[in-house]
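Okay, structure first, notes after.
FYI, it's all coordinate maths here, none of it is from the lab. What you see is a predicted model, and the numbers here were worked out from it, not measured in a lab. Every residue, glycine among them, receives a Cβ derived from its backbone with ideal geometry; neighbour counts consider all protein chains shown.
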Amino acid sequence: MYLKPQDILFLLKLLAIKKESWAYNSLALELGMSTSEVHASAKRSLYTKLAIEDEVFGIRPNTINLSEFLNHGIQYSFAPQKGGMVRGLATSFAAEPLAEKFIDNNELPSVWPDPEGNIRGLSFSPLYKSAPNAAKKDSDLYELLVLVDAIRGGGSREKAIAIELLEEKIKAYVEIKKEEIKNE
């Protein structure tokens, strides 16, 4: 059983929704995937130990393993395809939370191709085909995808800052889960 890019999208969405409960069909709608695709992603995530399942919280990210994979493996497993000028949605160093960390050096921004996009830049393939639309619906997911894209295809400085910010977001998720466990 092999990990697929949509599995990472699924896991990032679980991080983004924090402590909210979820159902396969609602998550499928939010992610632009079929219910069976979400179910298969959950199954692969459990198999690869990037997710865990318990009776109280159901399936949730295994934050230690997910963090390790995102920091060290995703750039090799799901390297982006980069291309020419397109209209799209900013990603990587060109979008928040990274854009504020970099001085404008006249470098063209990385964008997910999108005819309704608000910026022109260099094409950067999204992690999964439905990621841009899912990101438009969920700002927390968008930020996580931006950070992952900086790790997937950014320079060493962008990667280092993205890893640091991603770790902060994962720690915040862990703290929410700890609080839930205390309240149970």
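Cross-link reach is defined here as a Cα-Cα straight distance under 19 Å, omitting same-chain residues fewer than 8 places apart; for residue 82 the lysines meeting it are 129, 159.
Of the trypsin sites (Lys or Arg not before Pro) found in region 33-108, the ones in coil according to DSSP and having at most 15 other Cβ atoms within 10 Å of their Cβ are 49. Computed over the chain, the percent of Cα pairs more than 26 Å apart is 27. Taking every DSSP beta bridge that has both ends in the chain, the antiparallel portion is near 85%.
Between the Cα long axis of helix 35-47 and the first principal axis of the chain there is an angle of about 80°, rounded to the nearest 10. Region 94-124 and region 63-81 have Cα centres lying 21 Å from one another. Computed from the C-alpha gyration tensor, the three semi-axes of the ellipsoid equivalent to region 1-109 are 29, 16, 15 Å, from longest to shortest. Counting only aspartates and glutamates at least 8 places from residue 136 when in the same chain, those with an alpha carbon closer than 16 Å to its own are 30, 96, 114, 116, 149. For region 1-38, the set of trypsin sites (Lys or Arg not before Pro) satisfying both a DSSP loop assignment and a count of at most 14 other C-beta atoms within 10 Å is given as 18, 19. Computed from point charges on the beta carbon alone (+1 for Lys and Arg, -1 for Asp and Glu), the dipole magnitude for region 76-125 about its Cα centre is near 180 Debye.
Of the GluC sites (Glu not before Pro) found in region 36-68, those that fall in a DSSP loop while having at most 15 other beta-carbon atoms within 10 Å are 55.
One way to sum up the overall shape of region 71-139 is the equivalent ellipsoid from its Cα gyration tensor, whose semi-axes run 17, 16, 13 Å, largest first.
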